[in-house]
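To start, the structure itself, in structure tokens.
The values are calculated or read from the model by the stated rules, or taken from the named source; none is laboratory data. None of these values were measured; they are calculated from a predicted model. Heads up, the Cβs are rebuilt from the backbone with ideal geometry, glycines too, and the neighbour counts pull from every protein chain shown.
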Amino acid sequence: MLKLHRHYLVAAALAVAAFLALYATLGASKPFATWRWMDIIAEGGVAAMAGLWFVMTLSSRPRGLVTRLLAGGLAAIMLGSWADCLDEFFRIDKAASWDNWLEALVPFGMLVLTAGLYYWRHEQFMLNDHLAKRERLFRQHRAFDRVTQLADAAYLRHQMRLEQARDPGGQCALVLFDIDGFHRINREHGAREGDRVLQALGHMLLLNLRNEDLLCRYAGDRFALLLPGMDDAAASELARHLCAMVALMRHHGPSGPLAVRLRFACEPVRGDAEGVLARLCAAIAV
């Protein structure tokens, strides 16, 4: 990940060297006996820790606004503390104000870092919401599809039984989606591109579902959507909306955009889970 941010690392290293050269050139060296070691350790320690956090941030995040704000704030704190530390080694003319401006990088960096933390907080809320849609508020996942990282058919059946046991007379619908012509994508573009289509489709559907909904990869090019508290009519309307949304999606493959179309069948979840799934499979195959 650090390779993505080499220019930030180089700029920070050059700034550290430039600060040292500036103080050495414009300042006068203080005698060793006058060095205040507690200040050197405290200010130098802050600079070192901010520099370490700066590198750790860049090594763990992709490019983007949040990364720029977090790294920029930490870099400013590092450089301001470094300037404050260099004050302990070099005496600067009291009439000069540039060193004070350099030390003012610390509070400026704190403001930038705070802005980065604010946007990072929103980013985490979005990620948590996305994870909640994947986990459907259940923490006992054992079976995930390798390609899409969605739950598999066995987990779907388990959740269908749980929904019926939790609220025997309640509303719950199941939608089964099938990708039109998926075999042509695999044949013409390869299985790896087919897997990418499945992943993109899974992400697209997840972003348009409630937290309590459960999306699974049922089998092959089929996705199953369990909708607690929703009747058959509302589930069919949602399924049509999702199909229309996917139809507008253009998946960009190696040879250009690929159109993706979905078909669906919908049924209330009543009785045996295997029977419901069998009827949906028969309906969508027509």
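Things worth noting here:
- Residue in segment 204-218 that is surrounded by fewer than 17 Cβ atoms within 10 Å (Cβ to Cβ) and more than 25 Å from the chain's Cα centre (by Cα) present: no
- Residue-level check: of (1) loosely packed, with under 13 Cβ neighbours inside 10 Å; (2) in a helix (DSSP H, G or I), Q164 misses just (1).
- Meets criteria (in the same structural domain as F19 (by TED's automatic domain parsing), under 24 Å from the mean Cα position of the chain (by Cα), of a type in the set (V, I, T) and crowded, with 18+ Cβ neighbours inside 10 Å) for V106: no
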